[in-house]
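Below is one structure, written out as structure tokens; comments come after it.
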């Protein structure tokens with residue numbers, strides 16, 4: 001089964017919205033062995049949309065569209081679908097009931113505009129939307145499947161998970177099986193990782209390996225194909241062992257797990273609690289930690305000590321040290337980590353202090369300079385990092401380095417490159 | 001000039017990477033009146049890539065590709081470009097020098113793999129990369145422009161800003177001018193906004209309006225076309241006044257400005273300092289505030305008081321109040337805001353406490369319940385919000401609601417819907 005994704009919306013061509021939907025859908029389809037052959041964007045224009053529908057219908061077995069289902073005048077997907085399939089819109093009572101309940105539960109008033117969203121193409125099966133008002137549609141014609149989903153990511157995701165993927169699983173039966181494995185590394189550059197792995201053919205056999213770098217590290221994606229699922233799994237298992245033998249200490253997770261999830265699992269298992277003192281990262285580390293449900297079990301508190309006063313008053317950093325070494329120093333990073341650990345009674349304290357840029361550099365301290373501190377009951381130290389000149393990326397890299405320093409200490413992996 | 005964007009990489013079809021590049025490029029081209037007619041994704045496969053090059057070359061005047069320029073074996077864009085243009089790769093000494101310096105400045109070792117990145121197609125002009133190692137290329141042939149950029153967002157952006165956009169501006173001279181205006185609203189639903197605006201034709205004349213909702217609010221995008229730039233600007237100005245007359249108090253910014261930037265400007269202008277006490281948002285509010293360069297001038301400190309102990313010890317929330325009303329209550333939100341204001345000496349304190357989910361609900365308090373507190377020298381209050389059932393979206397919505405509450409108080413806009 002070959003899939004063709006169509007994202008609808010001028011905002012995508014004009015660059016006013018980042019298209020996160022195709023990544024979600026691509027990944028969900030890959031998991032059930034459906035290959036995405038195309039992923040195209042088209043504007044809010046009926047002629048272009050219908051042309052794209054034709055192209056998709058000729059070239060693929062499964063077409064999934066997102067966007068253009070909202071309540072306002074610029075949303076034309078429904079009318080394009082009815083025109084393309086030569087059908088009409090009819091009112092669906094169940095969907096209307098969903099919409100009424102959605103507004104009731106939020107204490108909001110139902111408008112005529114919202115009521116119109118219960119209209120769906122006659123030849124389609126509606127897909128209910130538990131997170132919003134626009135329903136999706138599922139159409140089967142000439143042995144092909146045409147799925148229409150809203151563009152709001154949370155709504156689309158819920159509908160993919162609860163309806164589209166289960167329905168597709170029933171219908172897709174291919175002979176060649178594909179399995180993929182993601183290994184997530186951090187703290188090592190792409191080219192260094194490539195060098196350390198050495199002869200790739202020896203590791204991979206007929207499997208494939210891709211390097212996917214971003215500001216949090218480099219993902220390794222291994223793809224194995226075979227006639228049986230178990231053979232794919234065996235191949236992947238063998239390759240994983242070979243890769244781990246060479247670069248294992250840089251790998252923090254399998255699959256799409258985030259470093260903050262990895263950390264959460266280890267802390268939960270060990271029954272340890274942490275506290276965080278941030279200067280330059282400004283709350284981003286605690287925000288990442290608390291993105292994970294259940295983090296209240298191991299995260300005690302965070303202090304965003306942006307001013308020197310906050311460092312002294314809350315974290316008990318010595319004024320002398322601040323005077324002598326400056327706020328961006330190894331000494332202050334250590335005192336911050338020790339301080340937040342002491343006041344919170346947590347087992348571990350971590351800290352950051354640095355210059356993320358673009359301003360703030362001095363003759364001795366350049367943009368990108370960050371110290372990260374780590375303290376537990378046995379050791380207390382701070383490490384120096386030199387990142388680049390982009391404020392947001394520096395924040396992301398510094399938060400990742402801090403979480404990785406925590407991971408390595410928890411797992412007693414030597415903390416050096 | 002019509003543009004065609006090609007994003008290269010299996011990770012985009014497999015959904016392992018979100019494609020942020022096309023949004024950036026689309027937006028940059030829209031700003032200089034170049035229309036993007038297509039935005040397609042293609043995998044790391046030479047045949048598909050070259051086919052897509054052909055299609056693009058037939059249909060557009062400007063082709064911009066991103067991705068596939070890395071140092072490893074799965075990066076095939078350079079070889080596809082040389083094949084498509086029937087040329088060869090040659091070593092560029094300046095680029096090699098850039099790469100050497102890049103590694104030197106980071107204290108890293110230069111590998112042979114990195115050295116190979118100084119090879120560029122003979123018929124191209126190299127585009128230097130100040131944030132990474134892979135250069136881009138600029139090719140002009142048969143009156144068409146073909147631009148090849150790396151896929152790493154920070155590198156691509158820098159090259160677009162410093163080289164591609166300035167070069168395109170010189171070459172693009174169209175007769176019909178297009179101007180767009182974005183007005184950013186928050187705290188009002190899309191359908192309510194539509195209703196409040198009333199008769200759109202009366203507001204717009206022959207201009208166009210799109211509603212772009214996300215978890216931070218609804219963007220209004222107005223597009224005006226005319227033969228002169230000044231006429232476009234006048235039209236947009238008139239429309240903006242009409243829209244502001246109806247929904248002005250929900251508009252926090254023009255253009256792509258973020259609410260945290262808006263807040264930063266007002267606080268800087270008024271010479272006011274804020275402090276933040278977060279429970280459920282876990283540091284996300286302070287992280288957003290400190291994303292803005294210069295925030296140290298108005299942001300004093302943040303406390304992520306996840307545990308009750310932290311609320312009592314640092315923020316001086318009363319144990320009685322916690323006992324009587326629970327941590328998720330109007331009373332605690334007010335005490336947190338007042339507490340962080342008092343200990344920091346800041347002019348304003350804001351706070352959050354709530355249940356973001358998926359767990360943590362009780363019989364009386366459901367997932368999505370959040371109290372947001374605001375205190376300055378004159379007033380201190382907390383407001384109740386009911387968000388949905390998605391943890392991350394709730395965090396985003398709660399942080400936006402808190403910043404909007406701050407904005408409305410700063411501008412003395414009545415804080416009610």
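The values are calculated or read from the model by the stated rules, or taken from the named source; none is laboratory data. All values reported here derive from a predicted model rather than from experimental measurement. Backbone-built Cβ (ideal geometry, glycine too); neighbour counts: all protein chains shown.
Results for (1) in contact with a strand residue (DSSP E or B) (Cβ under 7 Å, 6 or more places away or on another chain); (2) more than 15 Å from residue B:72 (Cβ to Cβ); (3) assigned by TED's automatic domain parsing to the domain that holds residue A:288, shown as yes or no for each residue.
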site: A:193; (1), (2), (3): yes, no, no
site: A:196; (1), (2), (3): no, no, no
site: A:199; (1), (2), (3): no, no, no
site: A:219; (1), (2), (3): yes, no, no
site: A:222; (1), (2), (3): yes, no, no
site: A:231; (1), (2), (3): no, yes, no
site: A:234; (1), (2), (3): no, yes, no
site: A:239; (1), (2), (3): yes, yes, no
site: A:243; (1), (2), (3): yes, no, no
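Residue A:237 fails exactly one of the following numbered conditions: (1) within 14 Å of another protein chain (Cβ to nearest Cβ); (2) surrounded by fewer than 19 Cβ atoms within 10 Å (Cβ to Cβ); (3) without any contact (Cβ under 8 Å) to a residue 24 or more places away in the chain. What is the number of that condition?
The single condition residue A:237 does not satisfy is (1).
With the checklist (1) closer than 30 Å to residue A:326 by Cα; (2) more than 8 Å from chain B (Cβ to nearest Cβ) in hand, flag the one item residue A:261 doesn't pass.
(1)
Identify all residues within the stretch A:155-174 that are surrounded by fewer than 17 Cβ atoms within 10 Å (Cβ to Cβ), closer than 25 Å to residue A:52 by Cα and without any contact (Cβ under 8 Å) to a residue 40 or more places away in the chain; write none if there are none.
Scanning the stretch A:155-174 gives a single hit, A:167.
Filter the strands (runs of 3 or more DSSP E) completely within the stretch A:268-375 down to those with at least 3 residues that are in contact (Cβ under 8 Å) with a residue 60 or more places away in the chain.
Working: elements: A:274-278, A:299-304, A:348-354, A:369-375.
Here the list reads A:274-278, A:348-354.
Residue by residue, here is whether (1) closer than 23 Å to residue B:216 by Cα; (2) modelled with pLDDT of 90 or more holds:
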| residue | (1), (2) |
| --- | --- |
| A:4 | no, yes |
| A:7 | yes, yes |
| A:10 | yes, no |
| A:15 | yes, no |
| A:18 | yes, no |
| A:23 | yes, yes |
| A:32 | no, no |
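Just to check your reading of the model, which residue among B:135, B:150 is in the same structural domain as residue B:71 (by TED's automatic domain parsing), under 30 Å from residue A:151 (Cα atoms) and surrounded by 15 or more Cβ atoms within 10 Å (Cβ to Cβ)? Please lay out each step first, then the result.
Details: B:135 fails: under 30 Å from residue A:151 (Cα atoms).
Every option except B:150 fails the conditions.
Could you name every one of the helices (runs of 4 or more DSSP H) located completely within the stretch A:1-81 that has at least 1 residues being touching a helix residue (DSSP H, G or I) at 6+ places or on another chain (Cβ under 9 Å), without any contact (Cβ under 8 Å) to a residue 60 or more places away in the chain and away from every other protein chain (no Cβ under 12 Å)? Lay out the reasoning, then the answer.
Details: elements: A:10-13, A:21-31, A:46-59.
In the stretch A:1-81, the matching helices (runs of 4 or more DSSP H) lie at A:46-59.
Kindly provide the set of residues from the stretch B:337-368 that are farther than 15 Å from residue B:282 by Cα and more than 11 Å from chain A (Cβ to nearest Cβ), ordered by number.
The answer is B:338, B:339, B:341, B:342, B:347, B:348, B:349, B:361, B:362, B:363, B:364, B:365.
Of the conditions (1) buried (at least 18 other Cβ atoms within 10 Å of the Cβ); (2) part of a helix (DSSP H, G or I); (3) within 14 Å of chain A (Cβ to nearest Cβ), residue B:95 satisfies every one except a single condition; which number is it?
Just one mismatch for residue B:95, condition (3).
Check whether at least one residue in the stretch A:386-409 is free of Cβ contacts under 8 Å to residues at least 24 places away in the same chain, more than 14 Å from chain B (Cβ to nearest Cβ) and either farther than 22 Å from residue A:274 by Cβ or more than 27 Å from the chain's Cα centre (by Cα) (or both), and report yes or no.
No; the residues of the stretch A:386-409 include none that is free of Cβ contacts under 8 Å to residues at least 24 places away in the same chain, more than 14 Å from chain B (Cβ to nearest Cβ) and either farther than 22 Å from residue A:274 by Cβ or more than 27 Å from the chain's Cα centre (by Cα) (or both).
Provide a single number: the residues in the stretch B:376-404 that are assigned to a loop (DSSP other than H, G, I, E, B) and in contact with a strand residue (DSSP E or B) (Cβ under 8 Å, 6 or more places away or on another chain).
Here is the first cut: in the stretch B:376-404, the residues assigned to a loop (DSSP other than H, G, I, E, B) are B:376-379, B:387-390.
In the following step, the residues that additionally are in contact with a strand residue (DSSP E or B) (Cβ under 8 Å, 6 or more places away or on another chain) were identified as B:376, B:387.
Qualifying residue count for the region: 2.
Mind telling me which of the residues B:293, B:307, B:287 ends up being surrounded by fewer than 21 Cβ atoms within 10 Å (Cβ to Cβ), in contact with a helix residue (DSSP H, G or I) (Cβ under 7 Å, 6 or more places away or on another chain) and facing chain A (nearest Cβ under 10 Å)? Give the steps one after another, and end with the answer.
Numbers: B:307 fails: in contact with a helix residue (DSSP H, G or I) (Cβ under 7 Å, 6 or more places away or on another chain); B:287 fails: surrounded by fewer than 21 Cβ atoms within 10 Å (Cβ to Cβ).
None of the others qualify; the one that does is B:293.
Matching residues to (1) more than 18 Å from residue B:49 (Cβ to Cβ); (2) in contact with a helix residue (DSSP H, G or I) (Cβ under 8 Å, 6 or more places away or on another chain):
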{"residue": "B:86", "(1), (2)": "no, no"}
{"residue": "B:106", "(1), (2)": "yes, no"}
{"residue": "B:111", "(1), (2)": "yes, yes"}
{"residue": "B:118", "(1), (2)": "yes, yes"}
{"residue": "B:130", "(1), (2)": "yes, yes"}
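Spot the failing condition for residue B:281; the list is (1) more than 9 Å from chain A (Cβ to nearest Cβ); (2) within 26 Å of the chain's Cα centre (by Cα), and only one is missed.
Residue B:281 satisfies every listed condition except (1).
What helices (runs of 4 or more DSSP H) completely inside the stretch A:109-216 contain at least 3 residues that are modelled with pLDDT of 85 or more, farther than 30 Å from residue B:195 by Cβ and at the interface with chain B (Cβ under 9 Å from one of its Cβ atoms)?
Numbers: elements: A:112-115, A:153-159, A:165-171, A:190-197, A:200-204.
Output list reads A:190-197.
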